Amino acid sequence: MPVITYREAIKSAMAEEMERDDRVVVMGEDIGLYGGTHLVTDGLLDRFGPKRVMDTPIAEGGFTGAAIGMAMAGMRPIVEMMTWNFSFQAADQIIQNAAKIRYFSGGQASVPLVIRGPNGGGVQLSAQHTHSLEGFYGHFPGLKVVAPATPYDAHGMMIEAIRDPDPVLILEAGALYGTKGDVPEEEYTVPFGKSRIAREGTDITLIGYGRQVNLLLKTAEKLASNEGVDAEVIDLRSIRPFDTETIVDSVKKTNRAVVIEEQWRWFSVASEVAAHLQEHAFDYLDAPVERVSGAEVPAPYARNLEIAAFPGEDDIIDAVNRVLYRRS
Amino acid sequence: MATTRNSKKQRSAAATNGDKPHVPQVSPEQLLELYRKMVLVRYFEEACQTAFRQGKVGGYLHVYIGQEAIATGLLATIQPDDRVITAYRDHAHVLLLGSDPKAVMAELYGKGTGLVKGKGGSMHLFDVEHKFWGGYGIVGGHIPLGVGMAYAQRYLPDNTGITQLYLGDGAIHNGAFHEGANLAGLWGREGLNPCLFVLENNQYGMGTSIERATANTDLISKFDSYAIPRESVDGMDIEAVYEAAVRLTERVRETGSPFALEAMTYRIAPHGAADFLEKYRSKDEVREARKRDPIGLTETKLLDRDIVSEDEITKIRQEYQQLAADAVKFAEESPEPPLEELLTDVYAEPEAVG
Ligand SMILES: Cc1ncc(C[n+]2csc(CCOP(=O)(O)OP(=O)(O)O)c2C)c(N)n1
Ligand SMILES: [Mg+2]
């Protein structure tokens, strides 16, 4: 099986679908001539031409709205947000139009649109350029929100998203673009609403998504060798639709859970996971579910403050120990 | 600092080659002072770019190299009640308004002695004492803010200030610009919007040239839709910028109505200090633009008019090179912000949520 980067995995999925289906077009800032600021679309302009690979002005509201119109009219647009931080300028279009048109048209119209791009922090981009928006967009009925953690998932979810009849937001982790993994050459998709057990274990369930999955896997190995704790790691993959079954089944086995996220805790994905567990696995829980989240502040610039603002290995280990009633 | 300066022979040739004859409204002393400020900015920018490449400065870093004449000329007119607001290419503005270069450099280094305590970094410089109201990272996002500040300047009693609102050529396609400019035009009719829009037209928004971003490439004409009068100036010529700045700031101050000045310039540096791939423009184009480096042009004028000697130029350069080096040293030796700073400044009341 070929080993390729997360970046390549997304690009090849878009290119394959563009070959198969000429309704598919890509648009965004500096995605053509420049190749994309994260080089995810590099080479697509040469391959498919400017009618299908469109460079746009810095007008997120305008071009996202136009993409919604294209989708309603029978095209299959993919919008690149240079980073999701800029999607707030398009949030009105995404939330007020894309998410609701099927509903308020009584099912007459649909918006088969994909919006993708990087989000997340960790490289000192400070307040306006550091967000994890899975919880924010996951809040709105009518949107599908996914966060692939591996090249395999990034490729399969991208194809699934393009074929989906409803708007799908792919919140890629900027930090993962260079990471490598197996991606089969054969055509495949990764269905939404199904989480993945990234590591099997018996003592505690660690739940996360996106780049936190790698952190959880690393921490799980450390817990195994240093603390004798055998942790199960679950990669949520899909924020909306949400897979309650996989986390509930895991907690029935381990009786304990810690949820990690980079975003703010209030009204977040971790809060949602904790709510699902107490609704559906209350009798199996031996301890309250712990949430490990970002500090409740806009992202700071200074390196030491940024490190303190985001959850790290120590924060996870502390939470695990609390949930296992090992230390306070 | 690599600037292009022509030999005396080439200079006199150029002068007879149809170059626009300069109207020397700027006194020799003023020209020298403006030159010094541009050199200050240039050496500061070169120093922080180096620090970025050494990994000592994080995040994004956007320098002003090649554009110095614009903010230098305009901010030389600043008055006590004035306000200044721009996007993320903001180091020059804050330095020219009088912020301590040491504190600015320390901010870029993310130190506790930084201009905003290490919380904002390059894109979010802020210095209210020196009339600088930020420092914003979202293209277009700051434009309505500037319009609102200008309204306040005529709404509040006894205020004769104006707002200098800077924006890039890429920002003019953003909805926030059009909504903000329309309001400025509307409120300006009643004398309630002393806003001087300064369009820093450096030909590119990241990798996108003007003609690839709009069908109406006469960017400043977009202000016509909002009944905001406008003009364009050679943004590489400090005298031209300064002359326009004096005239237009006076006009805006007196009328309370907005005006739009387009300064034609060129972004000699890459968009951000981390950008090396420049597939969207040719090396020749950049080389060509360097010939009109505003600092080189000014040196030529200073020498031609016998305002300074080559030796004095060298001395001035050394002075500001040293100033930038001192700022770097200060930044390097400064402590990180204390961890308690993480939770402060979220709300006026210190109690944090969560
Ligand atoms: C809303 C938004 N979209 C995209 C970006 C990414 N971005 C940062 S700077 C920039 C180009 C802006 O160009 P211009 O306004 O001409 O300013 P310049 O960088 O040339 O000074 C882009 C696209 C952003 N910061 N905000
Ligand atoms: Mg520009």
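Some notes on this structure:
- A count restricted to the stretch B:178-197 and to residues that are surrounded by fewer than 24 Cβ atoms within 10 Å (Cβ to Cβ) and within 16 Å of ligand 1 (Cβ to nearest atom) stands at 2.
- For residue B:56: the one exception among (1) over 15 Å from the mean Cα position of the chain (by Cα); (2) within 16 Å of ligand 1 (Cβ to nearest atom): (2)
- Checking each residue in the stretch A:66-89 for being assigned to a helix (DSSP H, G or I) and either surrounded by fewer than 19 Cβ atoms within 10 Å (Cβ to Cβ) or more than 10 Å from every other protein chain (Cβ to nearest Cβ) (or both) picks out A:66, A:67, A:68, A:69, A:70, A:71, A:72, A:84, A:87, A:88.
The rows are residues; the columns are (1) within 14 Å of chain B (Cβ to nearest Cβ); (2) crowded, with 23+ Cβ neighbours inside 10 Å.
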residue	(1), (2)
A:250	no, yes
A:266	yes, no
A:296	yes, no
A:302	yes, yes
A:316	no, yes
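- Exactly one residue out of A:275, A:270 is at pLDDT 95 or above and either surrounded by 19 or more Cβ atoms within 10 Å (Cβ to Cβ) or touching a His at 6+ places or on another chain (Cβ under 6 Å) (or both): that is A:270.
- Filter result for residue B:108 (surrounded by 24 or more Cβ atoms within 10 Å (Cβ to Cβ) and either modelled with pLDDT under 95 or within 15 Å of ligand 1 (Cβ to nearest atom) (or both)): no
- When the strands (runs of 3 or more DSSP E) confined to the stretch B:143-256 are screened for residues that are within 16 Å of ligand 2 (Cβ to nearest atom) and either within 21 Å of residue B:132 (Cα to Cα) or out of contact with any strand residue (DSSP E or B) (no Cβ under 7 Å at 6 or more places or on another chain) (or both), those reaching at least 1 such residues are found at B:163-168, B:195-201.
- In the stretch A:17-36, the residue that is surrounded by the fewest Cβ atoms within 10 Å (Cβ to Cβ) out of those that are under 24 Å from the mean Cα position of the chain (by Cα) and not in a loop (DSSP other than H, G, I, E, B) is A:25.
Rundown of residues vs (1) within 14 Å of chain B (Cβ to nearest Cβ); (2) of a type in the set (Val, Ile, Thr); (3) without any contact (Cβ under 8 Å) to a residue 40 or more places away in the chain; (4) within 20 Å of residue A:85 (Cα to Cα), yes/no style:
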{"site": "A:5", "(1), (2), (3), (4)": "no, yes, no, no"}
{"site": "A:32", "(1), (2), (3), (4)": "yes, no, yes, no"}
{"site": "A:36", "(1), (2), (3), (4)": "yes, no, no, yes"}
{"site": "A:45", "(1), (2), (3), (4)": "yes, no, yes, no"}
{"site": "A:51", "(1), (2), (3), (4)": "no, no, yes, no"}
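- Scanning the stretch B:77-95 for residues that are under 12 Å from the mean Cα position of the chain (by Cα) and not acidic (Asp, Glu) gives B:84, B:85, B:86, B:87, B:88, B:89, B:91, B:92, B:93, B:94, B:95.
- The residue that is nearest to the other protein chains (Cβ to nearest Cβ), among those in the stretch B:257-298 that are part of a helix (DSSP H, G or I) and more than 20 Å from the chain's Cα centre (by Cα), is B:285.
- Some residue of the stretch B:317-330 being touching a residue at least 12 places away in the same chain (Cβ under 8 Å), away from ligand 2 (no atom under 16 Å from the Cβ) and closer than 30 Å to residue B:155 by Cα: no
- Meets criteria (more than 18 Å from the chain's Cα centre (by Cα), closer than 20 Å to residue B:226 by Cα, within 16 Å of ligand 1 (Cβ to nearest atom) and modelled with pLDDT of 95 or more) for residue B:168: no
- Lone qualifier among A:161, A:154 - being part of a helix (DSSP H, G or I) and more than 18 Å from residue A:2 (Cα to Cα): A:161
- Residue that is nearest to ligand 2 (Cβ to nearest atom), among those in the stretch A:90-117 that are without any contact (Cβ under 8 Å) to a residue 60 or more places away in the chain and assigned to a strand (DSSP E or B): A:115
- Test result for residue B:253, away from ligand 1 (no atom under 16 Å from the Cβ), away from every other protein chain (no Cβ under 14 Å) and in contact (Cβ under 8 Å) with a residue 60 or more places away in the chain: yes
- The set of residues from the stretch B:315-343 being part of a loop (DSSP other than H, G, I, E, B), within 10 Å of another protein chain (Cβ to nearest Cβ) and surrounded by 14 or more Cβ atoms within 10 Å (Cβ to Cβ) comprises B:336, B:337.
- Identity of the residue in the stretch B:117-142, within 16 Å of residue B:337 (Cβ to Cβ) and of a type outside the set (Gly, Ala, Ser), that ends up farthest from ligand 2 (Cβ to nearest atom): B:117
- For the stretch B:35-85, residues that are more than 14 Å from chain A (Cβ to nearest Cβ) and either charged (D, E, K, R) or within 16 Å of ligand 2 (Cβ to nearest atom) (or both) total 18.
The values are calculated or read from the model by the stated rules, or taken from the named source; none is laboratory data. Nothing here was measured: the structure is a model prediction, and the numbers come from that model. For neighbour counting, all protein chains shown are included, and Cβ atoms are generated from backbone atoms with ideal geometry for every residue, glycine included.
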